[in-house]
1. Under the definition of Cα pairs under 8 Å and six or more residues apart, what whole-number percent is the relative contact order of segment 189-317?
2. At a 10 Å Cβ-Cβ cut-off, how would you order T144, T123, T57, T7, fewest neighbours first?
3. Binning every alpha carbon pair distance of segment 10-174 at 10 Å from zero, what are the percents per bin?
4. Based on other C-beta atoms within 10 Å, arrange M279, M71, M135, M64 from fewest to most.
5. Under 16 Å from a label point 7 Å along Cα→Cβ of A6: give me every residue in segment 200-244 with its amide N that close.
6. Placing unit charges on C-beta atoms (Lys and Arg positive, Asp and Glu negative, everything else neutral), compute the dipole magnitude of segment 189-317 about its Cα centre in debye, rounded to 20.
7. In terms of the Cα gyration tensor, with a ≥ b ≥ c the square roots of its eigenvalues, is segment 166-318 rounded because a/c is under 1.5, prolate because a/b exceeds b/c, or oblate?
8. Give me the aspartates and glutamates in straight-line cross-link reach of K245: C-alpha distance below 17 Å, same-chain residues under 8 apart excluded.
Amino acid sequence: MEYLSATEKNDTRSGFGAGLLELGKINPNVIALCADLTGSLKMDAFEKEFPERFFQTGIAEANMMGIAAGMTIGGKIPFTGTFANFSTGRVYDQIRQSIAYSGKNVKICASHAGLTLGEDGATHQILEDLGLMKMLPGMVVINTCDYNQTKAATMAIADYQGPVYLRFGRPKVVNFTPKDQKFEIGKAIVLKQGKDVSIFATGHLVWKSLLAAEALKADGIDAEVINIHTIKPLDETAVLASVSKTGCAVSAEEHQMNGGLGDSIAQLLCRNLPKPLEMVAVNDSFGESGTPEELLTKYGLDVPDIIKAAKASIKRRV
């Protein structure tokens, strides 16, 4: 696969920062708000370039969401920035009441999500955010896989009218998607065609799924790998088309098994195409301190786990 030749690594939060800066140059209505984590969110370049359009709210995330909601009334397009745990769990009431309920055009941008936050531990490693946000009516939920895709998504959501949750992370990961890509909300991307099993992956596990598909070749298994960067709205057409061909599926995500991507795919298949689905996700557990790779391995989110799930799904199909 051409993607596997990529070697450059970068963090997805830097993709967000680069996209935000570029947006600032082309759209004067784009503004940024941050809850005392400007450097961590890579929003410092925007702050330096457009100080009059940057608002430091301090460690007051709920207030930040309220301010952002109010600014949309004047035609501004606010991008809020803080860690994923603080972007969702800490401010869920404000998001539900002030943003989602009235369909405010706020872009909730969340870094340091999932186990790959690493050493900061369980209190910061939110694994429930995708579920929390996808349950809100009208909320678009996006989880990007690398630097290039995060930059493209950041720029694309400015053109979407309505609330968006954009999730990305801290660790440096392989940057394998095209630099000049066009990001389409709700449009899955088939990275590798296959006929034996469908692997639907999101975020950091997209790269892991490509590695798993390559390893499965040795066992004569031809896996299809699809990048589901948009959790909601889910590309139902792409999911059903792939599973109609392969007859079985795997979902792979850095999130709780309950409420995540696998949950959405299971609901879709149950209603339309009952086929085996194995889920690679955190199984009803909090995280802990450790390096990103150590944690992905311990909690069953690594390449061998995706391989095992693919074989189990195929076995169930037969």
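No lab work stands behind these numbers, since they all come straight from the coordinates. Please read these numbers as outputs of a predicted model, since none were measured by experiment. Here Cβ is always computed from backbone atoms with ideal geometry, including for glycine, and neighbour counts include all displayed protein chains.
1. 29
2. Listed from fewest to most nearby Cβ atoms, that is T7, T123, T57, T144.
3. In order of increasing distance, the bins hold 12, 46, 37, 5, 0 percent.
4. Ascending number of Cβ neighbours within 10 Å: M135, M71, M279, M64.
5. 201-214, 225-230
6. 600
7. rounded
8. Straight-distance partners of K245: D196, D222, E224, D235, E236, E278.
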